[in-house]
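Participant: Starting off with a structure, shown below.
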Amino acid sequence: MVENNEIFEINCLDVIQEISDYIENEINPALRLSIEAHLAKCAHCTAIFDGTRNLIRLVSNGQTFELPVGFSERLQKRLQADLQKA
Amino acid sequence: METAANIANQAESSIIERIVAGEKDLFYSLVRPYERAVYSAAYAVLRNEADAEDAAQEAMVKAFQHLAGFRRESKFSTWLIQIAINEARMKLRKNRPHLYESIDEGKQSNEGEYIPRDFADWREIPSEQLNRKQLREAIQKALDSLGAIYREVFVLRDVQNMSIAETANALGITEASVKTRLLRARLQLRDALAPGLDGGWNFGEGHWKKVRPW
């Protein structure tokens, strides 16, 4: 049995497997403490954590894919043509 | 209490009812907010602009034809994305049947078993200031290097900000699979883009703060 306030040690692989859920804050408090204790002393995992979080922030504006020029106009034309038939 | 999202949903529902009742001209205004999402989902599958546009148009037409059958068990946007994904997959099968086998569901082993490169690797590559266009190209190139099942999950969840449940629904997989694939996709993309994620890239005026508040 682990004492209530004891932080159990986990290794790099464990941390990496949980990094997504940790970033999204979908993780139980005991595991969170273990990950934080590990990150505090592991530059390797900290780099992976920072990079992963930055990646998600970077793409979250939804602008990664630019609509091709004229996309909306062509779509409207197509809809006008097809919807009248339907 | 009425939330803004609730009110928007109600507005959407009433537009849908009017279209089904015969006001066809309203359809474009219904789908217009999702143009980019539909195109992006199709692109995630097809990786080609012209094919993705084709599939997106096809999906919109199908959505119209089946609108009366939309049961509101999911959000309209999720339903639309689901159609776009199906449309894109059918197109992929038609265009490249010989390739389809390799990206079929479950054919890729070691899901989630991905070991990130050592961080020393990416500290050695100099960060560079990239403009928006270069940045977009770098992300797309990195996305192209992912297996299809990882790219689809990443685009819906992280680029389009759909929830885990919506992503699972749109792709027809479990939430657990979404999470496993998402982890793999994120780690692999971090490796591919790490030189710039070291702080060299400008994140702009934080749209991410609204959707990714951590």
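The values are calculated or read from the model by the stated rules, or taken from the named source; none is laboratory data. Since this is a predicted model, take the numbers as computed values, not measurements. Don't worry about glycine lacking a Cβ; one is built from the backbone with ideal geometry, like all the others, and counts go over all protein chains shown.
Participant: May I ask you to say which residue of B:ALA142, B:ALA120, B:ALA138 is at pLDDT 90 or above, outside any loop (DSSP other than H, G, I, E, B) and not aromatic (Phe, Trp, Tyr)?
Facilitator: Working: B:ALA120 fails: at pLDDT 90 or above; B:ALA138 fails: at pLDDT 90 or above.
When all the criteria are applied, what remains is B:ALA142.
Participant: Another one. Being hydrophobic (A, V, I, L, M, F, W, C) and within 15 Å of the chain's Cα centre (by Cα) is the filter; apply it to segment B:77-94 and report the residue that is nearest to B:ASN161 (Cα to Cα).
Facilitator: For segment B:77-94, the residue satisfying everything is B:ILE81.
Participant: Related question: What number of residues within segment B:123-135 are at pLDDT 50 or above and of a type outside the set (A, V, I, L, M)?
Facilitator: 4
Participant: Among the listed residues A:PHE65, A:PHE8, which satisfies the condition of being more than 10 Å from chain B (Cβ to nearest Cβ) and touching a Ser or Thr at 6+ places or on another chain (Cβ under 8 Å)?
Facilitator: When all the criteria are applied, what remains is A:PHE8.
Participant: Another question, if that's okay. Enumerate the helices (runs of 4 or more DSSP H) found wholly within segment A:16-86, keeping only those where 2 or more residues are over 30 Å from B:THR180 (Cα atoms) and in contact (Cβ under 8 Å) with a residue 60 or more places away in the chain.
Facilitator: By residue number, no helices (runs of 4 or more DSSP H) qualify.
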